[in-house]
Amino acid sequence: MKYLFPFVLVFLAIACNNDNQSPYKDLPNEGELKLLTYNVAGLPQGINADQFPLKHMHLVSPLLNAYDIVNVQEDFYYHDSLYKYITLPYKSKYVAEVSLGDGLNTVSTIPILDFKRIKWNQCNGTDCLTPKGFSYCRLRFNDNAYVDLYNVHCNAGSDAGDYAARRDNVSQLCQYIEANSAGNALIVMGDFNCRYTRIEDNIRKMDSVGLTNVWIELIRNGVAPLQDGNSLMDCSPNATNATCEVVDKIYYRSSAKIEFTALSYQLDDPKFYDSDSMSLSDHRPMFANLKYKINP
């Protein structure tokens, strides 16, 4: 028995070391992230005449595998079809405790930790039929480097109650970021139902928490549109231009630990159309590529 004692000690040491190891693989210290935010129009078919989720949702599913971080909105009624062909290793869990749920889900090549769903404090009209809001999670790059990811879907509509609710949504989001992501690197993507040009919207409040809008930075050379009520609707045939603003947005913020550089922005893609040249959703997909660098 005395000869077994050293082997027992070695076994216990290995077991303890394994217990302390993270189950996740560290990302390289430098790399590139392919981002996509997409409102997938997942309300029950027939509610909106320009949406055909029965026909399109399963076509959306495999397209998501080409990206590192994907935020979807309106993942309401056809979640199984949306997730059916996704091979990315990390996926948020579908939740529909109230009505159709909030419609917010994230899939990623990067580990998703601490996923939370936060309901808006204020809503208006039909937006109150689902618990719309935003989600928060942490993406693990390594044990010391994380990015806070937010997925957003603000109140829609264009009457006084809608505007008031949407302004409150943006204010609530900014307050949450300040309280929970102070000093952290951020990626914020989603359907804000806001336009920089719209007088009644307060989307510029996002600047107050240090976020950079990729469309404004890369396509508009850092110059935000005038808030004069004149919408920028020149989106055809080329949607990726300075005079095409949509309600979907992609923002980022660097930190002392992780530095981001925006490399590209794109709105719409031919892959997101069916064989009859019909868009797979009533929203265009929005893409961005970010370079990241983890500082020691």
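Of all the residues in segment 258-277, those that are touching a residue at least 40 places away in the same chain (Cβ under 8 Å) and within 16 Å of Y38 (Cβ to Cβ) number 5. Scanning segment 200-212 finds one or more residues that are under 16 Å from the mean Cα position of the chain (by Cα), more than 17 Å from G133 (Cβ to Cβ) and buried (at least 18 other Cβ atoms within 10 Å of the Cβ).
Selection of segment 107-133 for residues being without any contact (Cβ under 8 Å) to a residue 24 or more places away in the chain and either within 24 Å of I187 (Cβ to Cβ) or in contact with a helix residue (DSSP H, G or I) (Cβ under 6 Å, 6 or more places away or on another chain) (or both) yields F115, K116, R117, K119. When segment 210-227 is limited to residues that are of a type in the set (A, V, I, L, M) and in contact (Cβ under 8 Å) with a residue 24 or more places away in the chain, the one that is nearest to I112 (Cα to Cα) turns out to be L211. Number of residues in segment 113-166 that are out of contact with any Ser or Thr (no Cβ under 6 Å at 6 or more places or on another chain), assigned to a strand (DSSP E or B) and of a type outside the set (S, T, N, Q): the value is 20. Looking only at residues that are among the basic types (K, R) and more than 15 Å from the chain's Cα centre (by Cα) in segment 67-121, which one is nearest to A41 (Cα to Cα)? Within segment 67-121, the match that is nearest to A41 (Cα to Cα) is K84.
Just one of the listed residues (D207, D148, D191, D234) is without any contact (Cβ under 8 Å) to a residue 24 or more places away in the chain, in contact with a strand residue (DSSP E or B) (Cβ under 7 Å, 6 or more places away or on another chain) and not hydrophobic (A, V, I, L, M, F, W, C), namely D234.
Each reported figure results from applying straightforward, stated rules to the coordinates on display, with no laboratory input. On a predicted model such as this, the values are computed, not experimentally measured, just so you know. Don't worry about glycine lacking a Cβ; one is built from the backbone with ideal geometry, like all the others, and counts go over all protein chains shown.
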